[in-house]
1. Restricting attention to region 54-71, which residues are open to solvent by less than 40 Å² (accessible area, probe 1.4 Å), assigned to a helix (DSSP H, G or I) and either without any contact (Cβ under 8 Å) to a residue 60 or more places away in the chain or closer than 20 Å to Asp27 by Cβ (or both)?
2. Mind checking which residues of region 89-109 are open to solvent by less than 30 Å² (accessible area, probe 1.4 Å) and either acidic (Asp, Glu) or part of a loop (DSSP other than H, G, I, E, B) (or both)?
3. State the number of residues belonging to region 44-81 that are of a type in the set (A, V, I, L, M) and in contact with a strand residue (DSSP E or B) (Cβ under 6 Å, 6 or more places away or on another chain).
4. Only residues in region 24-45 that are farther than 15 Å from Ile57 by Cα and at pLDDT 95 or above count as the first member; pair them with residues that are part of a strand (DSSP E or B) and basic (Lys, Arg), Cβ under 8 angstrom, at least 6 apart or cross-chain, and list the lot.
5. Check whether at least one residue in region 30-48 is closer than 22 Å to Glu109 by Cβ, surrounded by fewer than 21 Cβ atoms within 10 Å (Cβ to Cβ) and of a type in the set (S, T, N, Q), and report yes or no.
6. Can you tell me how many residues within region 39-71 are more than 17 Å from the chain's Cα centre (by Cα) and either polar (S, T, N, Q) or within 22 Å of Arg4 (Cβ to Cβ) (or both)?
7. Output the residues belonging to region 120-129 that are within 13 Å of Val147 (Cβ to Cβ) and part of a loop (DSSP other than H, G, I, E, B).
8. Looking at region 91-119, I want the residues that are over 16 Å from Pro30 (Cβ atoms) and charged (D, E, K, R) and have a partner that is open to solvent by 30 Å² or more (accessible area, probe 1.4 Å) and modelled with pLDDT of 90 or more with Cβ atoms under 6 Å, at least 6 apart or on another chain. Which pairs are those?
Amino acid sequence: EQLRRLYARNHSAGHLLDIAMTKLGFDLKPGKGFHFPKGAYVEYVGNIEADKREQTITDLNATVAELIEKNTEPVEVKVWDWEEAKANLDVPGYMPEGKPVRWIKLTPEDAGCPCGGTHVKDIKDIGSLKVTKIQKKSKNVRVSYTVE
């Protein structure tokens, strides 16, 4: 159970990082993510210029800390039937047609996204999320983080 909670904290932290990126005005689409304790990251399609990366790390760390500190709502999870989801949500093409869509929303300002992963019940349960590095990876930019 302790390991499951650790994975939930890391997975939710990756989603919270997406919210912080959007809040800071980055228009980068998340691609792949690796949400495990050793080497956690989210890769975004696009780039953050090298000369802006250190400031972006500082800004992201401040933003995620503020989101965690000020949040008063529990994480919202809703399972939509396929037709209802297609009518109300931006369902990605990789979702299997005809199957229920599990939608997760971490904060009130979060638009939410489809996700079948394990999440915390409240983002305060993440603890401390720290962005450690931003680096270019081919056509993407990788934002690495730790959860403490």
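The values are calculated or read from the model by the stated rules, or taken from the named source; none is laboratory data. Every value quoted in this text rests on a predicted model; they were computed, and no experiment measured them. A quick note on method: Cβ atoms are made from the backbone with ideal geometry, for glycine too, and the neighbour counts reach across all protein chains shown. Accessible surface areas use protein heavy atoms only, side chains included; no ligands, DNA or RNA. Shrake-Rupley method; radii C 1.70, N 1.55, O 1.52, S 1.80 Å.
1. Thr56, Ile57, Leu60, Thr63, Val64, Leu67
2. Those that are open to solvent by less than 30 Å² (accessible area, probe 1.4 Å) and either acidic (Asp, Glu) or part of a loop (DSSP other than H, G, I, E, B) (or both): Val91, Leu106, Thr107.
3. 7
4. Matching pairs, first to second residue: Val45/Lys29.
5. No: zero hits.
6. Residues in region 39-71 being more than 17 Å from the chain's Cα centre (by Cα) and either polar (S, T, N, Q) or within 22 Å of Arg4 (Cβ to Cβ) (or both): 3 in total.
7. Within region 120-129, Val120, Gly127, Ser128 meet the criteria.
8. The qualifying pairs are Arg102/Val79.
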